[in-house]
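**Student:** Mind looking over this structure? Questions follow.
What follows draws every value from the coordinates through simple rules; no lab data is involved. Please read these numbers as outputs of a predicted model, since none were measured by experiment. We place every Cβ from the backbone using ideal geometry, glycine too, and count neighbours over all the protein chains shown.
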Amino acid sequence: MSSPVHDAAQRRFAIANLIAQIGIIVTGGAVRVTGSGLGCSSWPMCEPGAFTPVFHEASSFHPFVEFGNRTLTGVLGIIALGLLWSLYRKAAPARPDLRPYAWAVLILIAIQAIVGGMSVWATLHPAVVGLHMALSLGLVSLSTVLVYRLFRPRLQDEQGNVSFTGRLSLSESVVHIAIAVVTVVVALLGVVVTGTGPHSGDAEKPYRFAIDPIFITRLHAVAAWLLLVLVLVALYAAAKRSKAQAGPWLVVLAMLGAQGVLGYIQYFSGLNPFLVVAHMLGSGLTVVAITWAMAAVYSHRLAPIERASDIEPVAASS
């Protein structure tokens, strides 16, 4: 029988799911900056009577870029089903705590596909397209929790006591809540910033938010700076307890710094398409880093628990 923790199928599907969730942000960015959002004129069919792009002499690359992004949604669904299978199969370790997460991923992927279709029906209204991106970031966060829980399960001794590295102060808990809230604000403001810029996804008739792009960009930057300060506070508090607990926050700090530099270069270079896609990739990776750091602090409160005696030494030491 497989080890109660080290199940290869569960881990592989969870990692594949996370990579694919980040990947669809990148392909969605490619759709935006190439103006391929309406490359397929309908949904769920690409063209009336045709599920795939129809090639002819007047064809451009836009239908193939858009269809490629749609195809990745199908891949995501297959991976999510594989993840569910790995969590339910009898030969695998029982992880009923992770099954709701996996079901949530599958359901959100289906909702994501519907929102994608709605964006086509709404001729790429920035609010619908923005919701598409927001759902992707939510899926990235959820998928990160799945990976974390599979690689770093909670430990419990023979008496049922949960292992924990120490209680958090009220002020530190408030800082963590603030980080979560401001992260959401930064992400949503970033979506609005994109909704005011030139990359609407439609090369012919871009439909944008009627908001001053410079104002909303500066607001996004202010929120990002606030998030950076909060992460520095969390890093300081974690470092006072142990270097190991400070590690995840150092990664978050590095990601925020890289995103900030990339964002400013992107802004002052006139929103270069490659930098826009890179910034979208960075947003997904930043969500991964912040979610991982939060999970490292709070996953001890989640159930169920593996007994320490059942876990291989290498897992227990992690």
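**Student:** Between R99 and M118, what is 0.36 nm times their sequence separation minus the Cα-Cα distance? Round to one decimal in nm.
**Tutor:** Result for the pair: 4.0 nm of gain on full extension.
**Student:** Hey, another quick one. For V174 and I265, compute 0.36 nm times the residue count separating them, minus their Cα-Cα distance, and round to one decimal in nm.
**Tutor:** Roughly 29.5 nm would be gained on extension.
**Student:** Let me ask something else. Where Rh is the Kirkwood radius over the Cα pairs of segment 215-267, the temperature 20 °C and the viscosity 1.002 mPa s, what D in µm²/s does Stokes-Einstein return?
**Tutor:** Using the Kirkwood radius from Cα pairs, D works out to 182 µm²/s.
**Student:** Each residue of segment 17-32 in turn: what ³J(HN,Hα) in whole Hz from Karplus with 6.51, -1.76, 1.60 and θ = phi - 60°, glycine and Pro shown as x?
**Tutor:** For segment 17-32, the Karplus curve yields 4, 5, 4, 5, 5, 5, x, 6, 5, 5, 5, x, x, 5, 4, 4 Hz.
**Student:** So if R0 is 51 Å, what FRET efficiency would I111 and K240 give, r being the distance between their Cβ atoms, rounded to the nearest 0.05?
**Tutor:** 0.80
**Student:** Using the Karplus curve 6.51 cos²θ - 1.76 cosθ + 1.60 with θ = phi - 60°, what ³J(HN,Hα) values do you get for each residue of segment 37-52, in whole Hz, with x for Gly and Pro?
**Tutor:** So the J values, rounded to whole Hz, are x, 10, x, 9, 7, 9, 8, x, 6, 6, 10, x, x, 9, 6, 10.
**Student:** How much length is gained on full extension from W43 to A127, taking 0.36 nm per residue of separation minus their Cα-Cα distance?
**Tutor:** Numbers: separation 84, 0.36 × 84 = 30.24 nm, distance 1.81 nm.
My answer for the length gained is 28.4 nm.
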